[in-house]
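The values are calculated or read from the model by the stated rules, or taken from the named source; none is laboratory data. These numbers were taken from a predicted model, which means no experiment stands behind them. Ideal geometry is used to build each Cβ from the backbone, glycine not excepted, and the neighbour counts take in all protein chains shown. Each accessible area value is taken on the protein alone, full model and side chains, heavy atoms only, with ligands, DNA and RNA left out. Shrake-Rupley method; radii C 1.70, N 1.55, O 1.52, S 1.80 Å.
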Amino acid sequence: MGHLENGTWITQSLAERSRGGAFERPDTEWRNWITPDGAPGPSGTGGFEAEPGRYHLYVSHACPWAHRALIFRKLKSLEALIDVSVVHPDMLQDGWSFSQDFAGATGDRLYDLPFLRDLYTRADPGASGHVTVPVLWDSKRETIVSNESADIIRMFNSAFDAITGNRDDYHPEALRAEIDAVNARVYDTVNNGVYRAGFATTQDAYDDAVHALFDSLDWLEERLAHQRYLAGDRITEADWRLATTLFRFDPVYHTHFKCNRAFLREMPALWAYARELYQWPTPDGPVAGTVHFDHIVRHYHYSHESVNPYRIIPINPVLDWDAPHGRGSKDDAVQER
């Protein structure tokens, strides 16, 4: 792991990113918005108008935050408009790499750069901060629009609707308060909670994180036993923000991050729900096409030397993600439009 300081790469251990044994996730640095007409969004500056072929998405198939962006790119019919570069699953001393010696790693399709950090310094030679995915890149202005996944999925949700004609809305105004409340708890205790448990360097920090995680998983299990989706009868961004963590739970987080009170597959409502989201149909094929378990398993076990010092890749359970989920069809739920 590492970060940029005034354009210079500085290596940094996980222990150096913790306080009192508790892992702390850094804030994102780039927060501009693509809008239909290029007007400024909720943060950053304007000038990023929605246009076909202008924007490029840099992702890791292993990263749950980048995975959100890939899911929304598929849900919103953006695959033909926004191309993608996929980093190598191993994140070592030089950070994310564009090496192509792993199936599905594409290299940098725009500039043929060796490392993702080189894209950040292309945008700003004096860049400082952490080099993360996803990165939404503007190839016209040659700069980063955003590296905040929560913002990117909301851009994808609406900014290109007039171009694609896909007006499915995963952040409907009537449900925004409920979505935001669910997102806040899920982010803190589940999405980031698994990392706080896995990267804890004291027993107290681990205990705080893992108990909060399973308190929230119990809450989600109960919620989904009585309603179809997290905000009611309609699928929203809250469901997709949770989904990427659920897809990784049994293959990685349960064992590698010591989140082992229970497997996801032992929670009936959550396991059925996760399979429904995995199988969810879109105009460009099922969401399953965005899930790359080979990258997921490789990245976590090989990249986190402090957690797995011998870098042994486990065989993992064989799970049938395509088994019938028993929750009815997409048409049974309230439609997104």
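Structure above, values below:
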quantity: Flag for Ala62 being hydrophobic (A, V, I, L, M, F, W, C) and open to solvent by 10 Å² or more (accessible area, probe 1.4 Å); calculated: no
quantity: Only one of Val297, Val210, Val252, Val287 that is surrounded by 17 or more Cβ atoms within 10 Å (Cβ to Cβ) and closer than 28 Å to Pro172 by Cβ; calculated: Val287
quantity: Of residues in segment 32-54 being among the charged types (D, E, K, R) and either in contact with an Asp or Glu (Cβ under 7 Å, 6 or more places away or on another chain) or over 14 Å from Ser158 (Cα atoms) (or both), the one least open to solvent (accessible area, probe 1.4 Å); calculated: Arg54
quantity: Filter pass, Leu75 being farther than 30 Å from Glu5 by Cβ, surrounded by 17 or more Cβ atoms within 10 Å (Cβ to Cβ), modelled with pLDDT of 95 or more and under 17 Å from the mean Cα position of the chain (by Cα); calculated: yes
quantity: Tally, over segment 116-161, of residues that are of a type outside the set (Gly, Ala, Ser) and either assigned to a loop (DSSP other than H, G, I, E, B) or open to solvent by 50 Å² or more (accessible area, probe 1.4 Å) (or both); calculated: 15
quantity: Members of segment 270-323 found to be of a type in the set (Ser, Thr, Tyr) and either more than 30 Å from Glu222 (Cβ to Cβ) or in contact with a Ser or Thr (Cβ under 7 Å, 6 or more places away or on another chain) (or both), listed by number; calculated: Tyr302, Ser303, Ser306, Tyr310
quantity: Any hit, segment 224-246, residues being in a helix (DSSP H, G or I) and free of Cβ contacts under 8 Å to residues at least 12 places away in the same chain; calculated: yes
quantity: Residue in segment 178-196 that is crowded, with 20+ Cβ neighbours inside 10 Å, part of a loop (DSSP other than H, G, I, E, B), out of contact with any Asp or Glu (no Cβ under 7 Å at 6 or more places or on another chain) and at pLDDT 95 or above present; calculated: no
quantity: Ala262, sole failed condition from (1) buried (at least 22 other Cβ atoms within 10 Å of the Cβ); (2) more than 30 Å from Leu81 (Cα to Cα); calculated: (1)
quantity: Pairs where the first residue, in segment 1-12, is more than 16 Å from Phe199 (Cβ to Cβ) and at pLDDT below 95 and the second is small (Gly, Ala, Ser) and assigned to a strand (DSSP E or B), C-beta under 6 Å, 6+ apart; calculated: Thr11/Gly2
quantity: Arg167 surrounded by fewer than 16 Cβ atoms within 10 Å (Cβ to Cβ), more than 23 Å from Ser303 (Cα to Cα), among the basic types (Lys, Arg) and in contact with a strand residue (DSSP E or B) (Cβ under 7 Å, 6 or more places away or on another chain); calculated: no
quantity: Filter pass, Asp94 being closer than 13 Å to Val131 by Cα, modelled with pLDDT of 95 or more and open to solvent by 20 Å² or more (accessible area, probe 1.4 Å); calculated: yes
quantity: Residues located in segment 318-334, provided they are open to solvent by 50 Å² or more (accessible area, probe 1.4 Å) and assigned to a loop (DSSP other than H, G, I, E, B); calculated: Val318, Asp320, Asp322, Pro324, Gly326, Ser329, Val334
quantity: Residue within segment 240-248 that is aromatic (Phe, Trp, Tyr), surrounded by 20 or more Cβ atoms within 10 Å (Cβ to Cβ) and modelled with pLDDT of 95 or more present; calculated: yes
